[in-house]
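Accompanying notes for the structure given below.
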Amino acid sequence: MDYFRYRQGRLFCEEIPVEDLARDHGTPLYVYSARTILEHYHKLREAFTPPAPAPWQPILCYSIKANSNLSILRLMAREGSGFDVVSGGEIYRALKVGADPRKIVYAGVGKTDEEIEAGLRANLLLFNVESEEELENTNRLAGRMGKVADVALRINPDVDPQTHTYIATGKRETKFGVDLERARRVFERAKRLSHVRMTGLHVHIGSQITKSDPYADTLKRVAEFVPEVRAMGHPLEWLDMGGGFGIWYKEKLARSAREIADACLPLVLKTGLKLLLEPGRFIVGNAGILLARVLYVKESGDKRFVICDAGMNDLIRPALYGAYHRIWPAATDGSVSGEAPDEERWPGPAVASDVVGPICESGDFLAKDRRLPLVRRGDLLAVFSAGAYGYVMASHYNSYPKPAEVLVRGTQARVVSRRETYEDVIAAERIESLEPGARGED
Ligand SMILES: *Cc1c(COP(=O)(O)O)cnc(C)c1O
């Protein structure tokens, strides 16, 4: 459920017509619904809370990389959410909004010394370590600071999450975690390291997972491993099952949080460990749209192109993964109420169109061969399910400033990041002239 709904043909974000937001803040514009974010958070948390008498409540560590806007992080932190960070920059963001470091877990295959030190200074709940060398390094750095780091080893369970290869992380051939055989050796080795405490097991098998079996298969493998690790004397406390929960982009394929939880909770309870979850997309994916203005409509070859002011520089998912995003005009037929219509079932006049951006790349599209009602220059389009991996992947390619982001709650709307200027685009650059004739040249 989300709060982007048509009322007599006009699209609203919660209580505000999105046309008003586009008029006030310009386009391209990201619009987020706070109410949707909070509902998704609570839905997942409730689904994964074991029945009474519950031995624990799960800690949800919202995955910052899905949408790292500070106001969204603040909203989540106030709700009691923890955070999953994957870099020093994300630690910085989490601390900036006053997140509780005892609810922050830190993953990533390539943590630098500086990043690990920042995590140690902040006293994070868990370092999700991805290799033996990283474990040794964490031990060394913690020792130098007179600290002991709490560590979860990231296991690569060799499970196929049945998703796009670029976002599958739990198969043997991906760079994430260590396989079970090596995990044994790492835990053996860890016994002799005095500045790490092995308090957790971590898995994260991929993203946009729409079934429960990959999770259940993963947990079975991990659960079997738990007694062995305990027998080595490690004080295991946490089972971090990662994120990856899929959402509805087009069809209602993704399993509900409840279905996934039903398949997983018994396996988690059997381990006697407390549960951590790292949802990203599930929280914010359907809580955001991208608004774009139609600049031109043209026919060329056998195709009809709807050229708009948002492109792959604003939302790269279609170009990068061939991802599907529903697109519909923000002002449409007065008969439309509720969700954006399914274009294949749209009874009114429609033409197949490519919705493209202004970028000088043939891969710059938001949709291909999409049945859309007739749109004209000046119309406003809504690109749905753009809340996750949208703005965070935006770039300055072709020297476009990044769009603005607006957060809506009820009848209130706030700009939570301003539209960038050309000055912002060049802010880090310098004009240096390297004259010919310097030593060793020309
Ligand atoms: C990306 C990532 C997540 C979140 O993935 P979603 O598919 O957005 O839920 C969670 N944990 C780790 C370690 C990640 O890298």
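The values are calculated or read from the model by the stated rules, or taken from the named source; none is laboratory data. Predicted model only: the values in this text are computed from it and were never measured. Methodologically, a virtual Cβ is constructed for each residue, glycine included, from the backbone with ideal geometry; neighbour enumeration extends over all protein chains shown. What goes into the accessible areas is simple: the full protein's heavy atoms, side chains included, and nothing from ligands, DNA or RNA. Shrake-Rupley method; radii C 1.70, N 1.55, O 1.52, S 1.80 Å.
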remark   = Taking the convex hull of the alpha-carbon atoms of region 384-442 and averaging its shadow over every direction gives an area in square nanometres of 6.8 nm²
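Can you give me the convex hull volume of the Cα atoms of region 241-331, divided per residue and expressed in Å³?
Enclosed volume per residue, from the Cα hull, is 141 Å³.
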ask   = Of the listed peptides 198-209, 137-148, what is their order by residue-averaged count of other C-beta atoms within 10 Å, with the highest listed first?
value = 198-209, 137-148
message = What percent of all Cα-Cα pairs in region 1-88 falls into each 10 Å bin, going from 0 up to the bin containing the maximum distance?
response = 14, 36, 30, 15, 4, 0
key: Per principal axis, descending, Cα span of region 34-282 in whole Å   = 50, 40, 39
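Count neighbours as other Cβ atoms within 10 Å of each site's Cβ, and list the GluC sites (Glu not before Pro) in region 201-307 that are DSSP loop with at most 12 such neighbours.
Within region 201-307, the qualifying GluC sites (Glu not before Pro) (loop, at most 12 other Cβ atoms within 10 Å) are 251.
Restricting to bridges with both residues inside the chain, how much of the DSSP beta-bridge set is antiparallel, in percent to the nearest 5?
Antiparallel: roughly 50 percent of the beta bridges in the chain.
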ask   = Considering amide H positions built from the backbone, and no H for Pro or chain starts, which residues 5 or more places from residue 104, or on another chain, come under 5 Å of its amide H?
value = 83, 125, 126
Expected-Rg normalisation [2.2 N^0.38 Å, Cα atoms] applied to region 1-159 = 1.28
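Report, please, the projected area of region 101-162 averaged over directions, based on the convex hull of its C-alpha atoms, in nm².
If you wrap the Cα atoms of region 101-162 in a convex hull and average its projections, you get 4.6 nm².
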query = Kirkwood Rh, Cα Rg: Rg to Rh for the chain?
reply = 1.01
note = Applied in sequence order to region 131-140, the curve 6.51 cos²θ - 1.76 cosθ + 1.60 (Karplus, θ = phi - 60°) yields integer Hz couplings, x standing for Gly and Pro, of 7, 5, 5, 5, 5, 4, 5, 4, 4, 5
request  = Find the accessible area per residue for the chain; the probe is 1.4 Å, ligands and nucleic acids are left out, and the unit is Å².
outcome  = 45 Å²
inquiry  = My understanding is that a pair violates if its Cα-Cα distance is over 24 Å; which of 65/96; 96/274; 65/111 do that in this structure?
reply    = 96/274
query = Nearest 10 degrees, 0 to 90: what angle lies between the long axis of helix 213-231 and the longest principal axis of the chain (Cα atoms)?
reply = 20 degrees
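Can you tell me which of 348-359, 239-250, 164-175, 58-69 comes out highest on packing, and rank the rest after it, using the mean Cβ neighbours within 10 Å?
Listed from highest to lowest mean packing, they are 58-69, 239-250, 348-359, 164-175.
Taking K and R as +1 and D and E as -1, what net charge do the other residues with C-beta under 11 Å from the C-beta of residue 325 add up to?
Its environment carries a net charge of +4.
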Interchain or long-range residues, amide H under 5 Å from residue 196's placed H = 149
